[in-house]
1. Please list the non-local residues whose amide H lies under 5 Å from the amide H of residue 532, H modeled 1.01 Å from N, same-chain partners needing a gap of 5 or more.
2. Order of 415-428, 195-208 by packing, highest average Cβ count within 10 Å first?
3. Assuming 0.36 nm per residue, please report the length gained on full extension of the stretch residue 453 to residue 505 beyond their Cα-Cα distance.
4. FRET efficiency for residue 54 and residue 566, Cβ-Cβ distance as r, R0 = 35 Å, nearest 0.05?
5. How would you order 534-543, 94-103 from highest to lowest mean count of nearby Cβ atoms within 10 Å?
6. Can you send over the carbon and sulfur percentage of the accessible area for the stretch 1-104, probe radius 1.4 Å, protein chains only?
7. In nm, what is the difference between 0.36 nm times the number of residues separating residue 46 and residue 85 and their Cα-Cα distance?
8. Could you state the number of Å between the C-alpha centres of the stretch 473-538 and the stretch 112-141?
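The values are calculated or read from the model by the stated rules, or taken from the named source; none is laboratory data. These numbers were taken from a predicted model, which means no experiment stands behind them. Cβ placement follows ideal geometry from the backbone for every residue including glycine, while neighbour counts extend to all protein chains displayed. Only protein heavy atoms, including side chains, enter the accessible area calculation; ligands, DNA and RNA are left aside. Shrake-Rupley method; radii C 1.70, N 1.55, O 1.52, S 1.80 Å.
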Amino acid sequence: MSDELQVLLNLSAALTLALVGGALAVRLRQSPLIGYLLAGIIIGPFTPGFVGDTHRIASLAGVGIIFLMFTLGVEFSLEELARVRRIALLGTALQLIGTGALGAVLGLLLGWSGSAAIYLGALVALSSTVVIIKTLQARGEVDSTHGRVLLGMLIVQDLAAVALLVILPALTSNAGSLLPTLALALGKSILFIGGTLVLGKRVVPWLVHAVARLASEELFILAVAALALGAALGATALGLSTALGAFLAGLLVGTSDVEHRAMAEIIPLRDLFSSLFFVSVGMLIDPSYVATHPLLVIGVAAAVLLLKSVIATAVVLLPTFHLSSKTALFVGLALAQIGEFSFVLARQGVDQHVLSASQYSLILTTSVLTLILTPSLFWVVPRLDLALARVPGVGPVFRPRVVDMFSGQETADGWQDHVIVVGCGQVGSRVALALHAQGMPVVGIDQDLTSVEALRAQGVPILYGDASYRAVLEAAQPERARALVVALPDFGAARVVVLNARIARPDINIVVRARDPRTAALLRQAGAHEAVEPELEGGLELLRITLGSLSVSTGEQERVLAHARADAQTAVAAHELDIQPDQAEYQEPVAAPDSASGHDDTVAPPDTSVEDPARQTDKSDVLREQDEAAR
């Protein structure tokens with residue numbers, strides 16, 4: 001069979017089975033990533049039937065990783081990354097050292113040699129950039145606090161992975177060559193990152209603008225793809241990861257005016273090739289090894305998940321980072337898996353004759369098992385946060401904290417008919433500042449200390465805390481407020497805030513940010529008066545400006561805009577009708593009794609007269625379950 005036919009056959013088999021497996025997983029209300037992994041197992045070398053070419057599929061999957069990290073770079077800015085630099089640098093360093101040390105201890109307990117244990121510690125310390133980012137994107141939480149923190153930490157982990165490729169062989173062979181080799185690797189990293197950011201800030205925006213002016217869709221796609229692949233190639237030539245190079249290229253494109261068009265052009269390629277990555281990972285699983293060593297695989301996987309989540313959570317909870325317990329749990333559980341880079345390090349360990357074939361199989365199967373469990377771990381966070389708040393000894397750490405950050409001597413206690421703005425990022429801060437400039441009483445709430453300090457410096461009263469906790473929201477006196485604006489990008493947290501506000505004051509006017517008609521319908525059913533979709537409003541504004549440029553009369557403009565808005569509202573209404581009873585929120589939530597912590601973030605159905613407090617669930621957990629169902 002010719003090489004061309006081999007490539008076509010492997011690609012067709014991988015994509016077809018990924019489609020079937022992904023569709024089956026979605027029908028079972030699971031992440032499609034699980035279906036992709038199962039597709040890889042089916043065409044892998046360890047199962048009967050058709051055997052795919054692991055090398056060819058992995059090569060194509062590498063393109064998906066490049067495009068995934070490129071689009072992520074386009075979505076973010078250097079300013080946003082700078083806001084999490086402290087946790088990204090110091091926090092990741094502490095997490096890597098702590099996790100790596102305990103991973104090495106685990107290797108020694110398994111009876112491995114000292115060198116093999118060091119390799120296991122290094123493997124365990126790293127997490128999966130691809131799986132975490134894909135999960136955040138699927139949940140719409142890339143722009144959330146924990147999403148930004150995770151991105152910053154994952155970037156530092158990618159840099160650490162490059163250093164580990166240099167350090168591990170030196171540690172297990174000739175230690176005398178470690179310092180010169182490490183210094184060379186560090187110099188290459190600084191040269192590449194510095195050169196890319198300095199030169200790229202001038203060259204890349206000019207290049208994409210020049211191509212865009214040619215008005216050729218094909219040339220623009222080629223330019224964007226060439227930038228992503230070229231940056232990845234440059235990083236590889238210096239011994240760095242392709243993901244880092246592609247991410248830096250995306251950051252630079254994101255500084256230009258064509259960032260949205262670049263995203264639209266590259267997303268289909270990203271989704272197509274990134275699905276192949278998970279198929280290629282599934283092909284590495286040996287079911288026979290799992291069948292013959294089930295307790296060992298499950299035990300090691302459980303130990304890794306527990307150790308990594310505890311260490312990462314503890315690091316994020318350090319007072320120096322000023323992050324909430326819920327954010328810490330999100331970050332801790334998200335980083336609990338073993339990343340795809342472990343496959344590279346494990347292969348290196350085998351080539352160095354440090355790891356045996358049995359140890360290599362254990363690492364692969366354990367890594368894949370933790371990857372499969374990652375999307376489910378996000379669902380656990382709200383319930384776990386509430387449960388830990390009731391545990392003696394650690395409870396105070398996980399109870400909601402609120403800090404007054406009011407300007408001067410003002411406090412919320414003396415406020416009446418004020419407006420509460422929850423989520424004071426780029427969107428919410430504009431609302432808060434505009435209301436404050438008009439002399440209207442306004443109180444902000446945000447859990448990002450940078451945003452809090454920025455608004456406080458401009459005289460806006462603001463609370464520092466997580467508004468999805470009722471205790472934090474109550475500190476802003478919602479029962480005496482006139483209106484509530486919820487500008488949170490996190491859909492689940494936004495629904496919690498809406499429900500808690502309805503409990504505090506049933507007639508409060510609530511305006512909330514929504515990402516699409518589906519979430520808008522769910523938020524309105526939760527109690528919001530208006531759900532504003534930024535993309536819809538942007539589209540209507542573009543329509544208004546276009547009509548004006550065409551000399552359409554003001555009256556006709558209003559008629560066309562009203563018709564377009566009515567169509568959008570019809571779409572939201574259709575989604576409301578489509579929502580099943582188990583997906584819809586209770587119209588009249590009943591507040592549960594106060595818990596031992598003073599506040600209990602729970603919502604009981606109206607037909608529940610008495611409920612055992614031990615069975616009560618956090619509202620954010622309920623809403624996240626419904627969010628998953630809605631998806």
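1. For residue 532, the qualifying residues are 512, 513, 514.
2. The peptides rank, most packed first, as 415-428, 195-208.
3. Answer, rounded to one decimal: 15.9 nm.
4. 0.05
5. Highest mean packing first, the order is 94-103, 534-543.
6. 70
7. Separation in residues times 0.36 nm, less the Cα-Cα distance, equals 9.7 nm.
8. For the stretch 112-141 versus the stretch 473-538, the Cα centre distance is 36 Å.
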